[in-house]
Amino acid sequence: MKFLCVSCDEQMKLKHAVGPDGGSVAVVYACPRCSSEMAMMMNPHETQVVGSLGVRIGPEAGAEAGTATSKCPFTGMLTDLGVPAAATGQVGGGQGVAGNGESASIPWTSEARERMANIPDIVRTSAVAGIEKFALDHGYEEVDAAVLERARTFFGIA
Amino acid sequence: MKTYFDVEGDGGSDVLGQVLRQRERIAHAMAGIDHVVAIGSGKGGVGKSTLTMQLALALERAKRRCAILDADLNGPCQARLAGLENVPLLPGDRGMALPRTLRGLGVVSVGSMVPEAKHLEFESVAEGDTHVWRATREFNLFQQLLGLVDWGRLDFLLVDLPPGAERTLQYAEVLGPAARFVLVTIPSALARGVVARSAAALEGTPNEVIGYIENMSGYYCGTCDGVRSLFGEGAAEAAELGFPCLARVPFDPRLASASDAGEPDLPRGPALRAIDEAAAQILSRVAKTT
């Protein structure tokens, strides 16, 4: 989607975003020539449809950063614009490893947490739960790369 | 006034670039797979999943490296068939580690991740309208699985498709032109009609339909050690399709109970011979067209 300032015949540039609020995000664009502003307001359905495509909306660098761990398609945009990660459901910031707001039952090292980006987001919560159960059952106090390795051996996974 | 195509870029998201990078990730992850064979039908309940598992085991008996990807995200069976329920997905050195059965067959199934008492749920900010976006989300998950799993070197990746003629076509588009298809039917005109629709849907694609397998082609009676009719005389003729039949597999009650228990070894008998024949046909036809 592109936005054109009709008066100036100039592509408008992303300026800032408001939200998310109940699944809705308002994104403000401004014309670089005349400074006119407009806001694109997305309802939850539009947000959901964009999210279903598996792409991120926003400046490229932020979009890439948000791809692996966030459920919100506007994470890239919001991260770039300084919206706190917790508001977008990203990993970190006190959120559980699965990024769903659940508290982890055992601490995770940052390396182990980062490796969970290799698990599809929709099933990451159940994967985290299975790994934490393995770790607790075997007396580990923290999930690190070595625990992930031992879990693979235990479950006979390549 | 400028048109859409006069304005370069897309406002900063690089959506097309993201899609291309996603395709590159999938191609990279699948680079070690020689053949992708999707097992479909269009019709539900004809035994696609059981046959997929049996074909994989038969191909392994023929010294081919195999893995199964369960594309039936809403009714996944492969985890139970493989005895891989409650085995968590784990990150590997390169992507997601490939879960394996005790004998080493790689099996990726949502059934390993979602207990049978639950259904696959996607978080949504637009509750009540799942029909609008659900299919898109499912294909996105399927593509994530294709691109994230560390498949390693494989001779065959068998993809167990969900029912639906339109789904068969959609999976052909997602898997790409090199993916081949095997369709499963049973000896009934009703099933034949639906399978014919799937075959018709694939006609407009570059994908090769290797042939079809007629499942439940009679049942094996262990008492008399013979195969008897299951759907009545003349049913087999009514189920003929206009492309090669790879094998006719009789129903074997021993397989049904073993599959439920996650021990899919098929005892010796007509069904095992038919499965091995189907695998041999697949190997032969793939060799001819590669």
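Each value in this text was obtained by applying a stated rule to the coordinates, not by laboratory testing. All values derive from a computational prediction rather than experimental measurement. Positions of Cβ are generated from backbone atoms using ideal geometry, with glycine treated the same way; all protein chains shown enter the neighbour counts.
For the reader, a short list of remarks on this structure follows.
- Per residue Cα convex hull volume in Å³ - calculated over chain B: 171 Å³
- Neighbour counts of C-beta atoms inside 10 Å place A:ILE122, B:ILE275 in the sequence A:ILE122, B:ILE275, starting with the fewest.
- Sum of -39500 (n - 2.57) over DSSP H runs of 4+, divided by residues of the protein assembly as shown (222 nm, nearest 500): -11500 deg cm²/dmol
- Number of partner chain Cβ atoms within 10 Å, mean per residue of B:83-89: 6
- Counting, for every residue in B:136-145, the Cβ atoms of other protein chains within 10 Å of its Cβ and taking the mean gives 5.
- Charge tally in the Cβ shell below 12 Å around B:LEU55, where Lys, Arg are +1 and Asp, Glu are -1, B:LEU55 excluded: -1
- For chain B, with +1 on Lys and Arg beta carbons and -1 on Asp and Glu, the positive-most of B:ALA29, B:PHE231, B:GLN18 along the dipole: B:PHE231
- Loop trypsin sites (Lys or Arg not before Pro), the stretch B:98-129, which have at most 16 other Cβ atoms in a 10 Å radius of their Cβ (DSSP): B:ARG103, B:LYS118
- Couplings 3J(HN,Hα) for the stretch B:193-203, derived from phi with the Karplus relation 6.51 cos²θ - 1.76 cosθ + 1.60 (θ = phi - 60°), are x, 6, 5, 4, 5, 5, 4, 5, 5, 7, 4 Hz, where x marks Gly and Pro.
- Local electrostatic count, B:SER41, Cβ distance below 14 Å [Lys/Arg +1, Asp/Glu -1]: +1
- Annotation for B:LEU102 and A:ASP9: the two label points, set 7 Å from Cα along the Cα-Cβ direction, are 7.5 nm apart.
- Relative packing of B:255-266, A:127-138, which averages over residues the other C-beta atoms within 10 Å, highest first: A:127-138, B:255-266
- Rounded to 10°, Cα long-axis angle of helix B:48-61 versus longest principal axis of chain B: 80 degrees
- For the residue pairs B:LYS63/B:LYS288; A:LYS13/B:LYS2; A:LYS133/B:LYS118; B:LYS63/B:LYS118, alpha carbon separations beyond 27 Å are given by B:LYS63/B:LYS118.
- Average beta carbon contacts from partner chains per residue of A:17-23, 10 Å cutoff: 1
- The stretch B:14-129 shape via C-alpha gyration tensor axes, a/c threshold 1.5: oblate
- Folded to 0 to 90 degrees: helix B:130-148 orientation relative to chain B principal axis, Cα: 80 degrees
- Local electrostatic count at B:GLY204 - Lys and Arg +1, Asp and Glu -1, tallied over other residues with Cβ under 15 Å: -3
- FRET efficiency for B:ASP93 and B:ALA27, using Cβ-Cβ distance with R0 set to 25 Å, rounded to 0.05: 0.80
- Take every Cα pair under 8 Å whose residues are at least 6 apart in sequence, average their separation, divide by the length of the stretch B:1-129, and the relative contact order is 18 percent.
- Theoretical FRET efficiency, 1/(1+(r/R0)^6), r = Cβ-Cβ of A:ILE106 and B:GLU123, R0 22 Å, to 0.05: 0.40
- Checking every one of the trypsin sites (Lys or Arg not before Pro) in the stretch B:137-224 against DSSP loop status and a limit of 10 other Cβ atoms within 10 Å picks out B:ARG153.
- When the stretch B:89-224 is reduced to its Cα atoms, the Kirkwood hydrodynamic radius in Å: 17.8 Å
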